[in-house]
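The values are calculated or read from the model by the stated rules, or taken from the named source; none is laboratory data. The shown structure was predicted, so the numbers you read here are calculated from the model rather than taken from an experiment. Cβ placement follows ideal geometry from the backbone for every residue including glycine, while neighbour counts extend to all protein chains displayed.
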Amino acid sequence: MGISMSIRAVYPTGIVFKKVVSAFKGIVDQIPIAFEEPGFVIEALSPDKVTMIIFEIPASSFEEYTITSPVKVVADRDEFVKAFRRATKRDKVSFEYVEGVRELKIKVFNVRSNVEKEVSIPLSEIGFERIGGIELNYEVQASLPTSEFVEIIKDAALVGDEITFIYSSELNAIKVSAYGELAEYSTILKQFQPLSYLEASISSAIVKYGVDHLKALAKVLDLADECTIAFGPDKPLKITLNIAGGGKITTWVAPRS
């Protein structure tokens with residue numbers, strides 16, 4: 001009997017994986033990966049359970065996506081990050097997994113130079129229960145350029161260790177602030193300045209998050225020009241990005257009490 005190949009997936013843009021996994025490095029200690037009929041999913045929770053990330057790429061965004069049966073594996077984080085270290089825009093990435101083998105083969109192939117690098121990533125477990133996204137109704141939702149959001153996070157991080165989001169229907173705006181012993185920071189986000197969208201079903205909301213948790217996500221935010229944020233009283237901050245080529249990243253950061 002021949003070996004039964006379970007998975008072969010080829011993705012055209014290596015840089016996407018490089019940025020996503022380098023952000024994962026600062027947040028999670030292992031990489032749970034699911035190859036399922038609809039597509040590829042990494043679904044990871046930080047050890048402190050404060051941050052959750054779901055990175056999804058539909059099967060249609062892959063150049064090739066062959067799956068004989070759905071597979072869920074947990075990959076070694078550091079090896080996984082290393083596999084994409086030199087990936088660029090011109091690199092294709094392929095994943096191969098054979099049933100019964102405790103490793104995932106990743107190839108990074110440079111289309112221009114014809115150079116191929118193959119790494120076998122050790123798998124700590126085969127099969128895990130998917131947590132699934134956090135389904136909540138959010139009172140406040142807004143979209144803005146990711147570059148602006150990254151700047152806000154960086155500015156807040158210079159001042160204090162938590163960042164406060166305040167929505168007020170009177171202002172029809174979101175105020176973001178941070179306070180430290182020596183300084184304070186605040187900015188107002190309004191429709192068109194710089195929000196492209198703002199919707200709220202509540203007259204006011206105030207919620208705090210750890211700045212470091214948001215800062216760790218900055219590398220991922222870089223993958224899209226715009227992001228959508230959603231929050232509400234005592235709810236995690238939800239950040240959604242649509243990546244060029246059909247992928248999507250959703251992250252949740254638990255509020256500070």
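Is it true that some residue in region 242-255 is out of contact with any Phe, Trp or Tyr (no Cβ under 8 Å at 6 or more places or on another chain), part of a strand (DSSP E or B), farther than 16 Å from E56 by Cα and not hydrophobic (A, V, I, L, M, F, W, C)?
no
Among the residues of region 173-225, count how many are more than 30 Å from S22 (Cα to Cα), surrounded by 16 or more Cβ atoms within 10 Å (Cβ to Cβ) and in contact (Cβ under 8 Å) with a residue 40 or more places away in the chain.
3
Name the single residue, out of those in region 108-122 being among the charged types (D, E, K, R) and at pLDDT 90 or above, that is nearest to E96 (Cα to Cα).
Among those that are among the charged types (D, E, K, R) and at pLDDT 90 or above, it is E118.
Which condition number in (1) buried (at least 16 other Cβ atoms within 10 Å of the Cβ); (2) under 27 Å from V111 (Cα atoms) is the one that Q30 fails?
Result: Q30 fails condition (2) only.
Here's the yes/no breakdown for (1) among the aromatic types (F, W, Y); (2) buried (at least 17 other Cβ atoms within 10 Å of the Cβ); (3) in contact with a strand residue (DSSP E or B) (Cβ under 8 Å, 6 or more places away or on another chain); (4) not assigned by TED's automatic domain parsing to the domain that holds P122:
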{"residue": "I15", "(1), (2), (3), (4)": "no, no, yes, no"}
{"residue": "S22", "(1), (2), (3), (4)": "no, no, no, no"}
{"residue": "V73", "(1), (2), (3), (4)": "no, yes, yes, no"}
{"residue": "K82", "(1), (2), (3), (4)": "no, no, yes, no"}
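Taking the residues in region 103-119 that are of a type outside the set (K, R) and buried (at least 16 other Cβ atoms within 10 Å of the Cβ) as candidates, determine which candidate is farthest from T13 (Cα to Cα).
Of the residues in region 103-119, the ones of a type outside the set (K, R) are 103-104, 106, 108-111, 113-116, 118-119.
Cutting the leftovers down to buried (at least 16 other Cβ atoms within 10 Å of the Cβ) gives us 103-104, 106, 108-110, 119.
Numbers: E103: 22, L104: 19, I106: 14, V108: 10, F109: 10, N110: 10, V119: 17 Å.
Within region 103-119, the match that is farthest from T13 (Cα to Cα) is E103.
Could you say whether any residue in region 104-117 is in contact with a Leu (Cβ under 8 Å, 6 or more places away or on another chain), part of a strand (DSSP E or B) and not assigned by TED's automatic domain parsing to the domain that holds P236?
Filtering region 104-117 for residues in contact with a Leu (Cβ under 8 Å, 6 or more places away or on another chain) gives 104.
Narrowing further to those that are part of a strand (DSSP E or B): 104.
Adding the requirement that they be not assigned by TED's automatic domain parsing to the domain that holds P236 leaves 104.
Taking every residue of region 104-117 in turn, at least one turns out to be in contact with a Leu (Cβ under 8 Å, 6 or more places away or on another chain), part of a strand (DSSP E or B) and not assigned by TED's automatic domain parsing to the domain that holds P236.
With at pLDDT 90 or above, buried (at least 21 other Cβ atoms within 10 Å of the Cβ), of a type in the set (A, V, I, L, M) and assigned to a strand (DSSP E or B) as the only criterion, which of V93, V10 stands out?
Numbers: V10 fails: buried (at least 21 other Cβ atoms within 10 Å of the Cβ).
On inspection, the qualifying residue turns out to be V93.
Filter region 46-70 for residues that are surrounded by fewer than 18 Cβ atoms within 10 Å (Cβ to Cβ) and not charged (D, E, K, R); which is nearest to T240 (Cα to Cα)? First the steps, then the outcome.
Taking region 46-70 first, the residues surrounded by fewer than 18 Cβ atoms within 10 Å (Cβ to Cβ) are 47-49, 58-60, 63-64, 66, 68-70.
Those still in the list that are not charged (D, E, K, R) too: 47, 58-60, 66, 68-70.
On the way: P47: 21, P58: 16, A59: 19, S60: 20, T66: 28, T68: 30, S69: 29, P70: 25 Å.
Only one residue fits best here, namely P58.
Residue check, F80 against (1) among the aromatic types (F, W, Y); (2) in a strand (DSSP E or B); (3) over 28 Å from P194 (Cα atoms), all met but one. Which one?
The number of the failed condition is (2).
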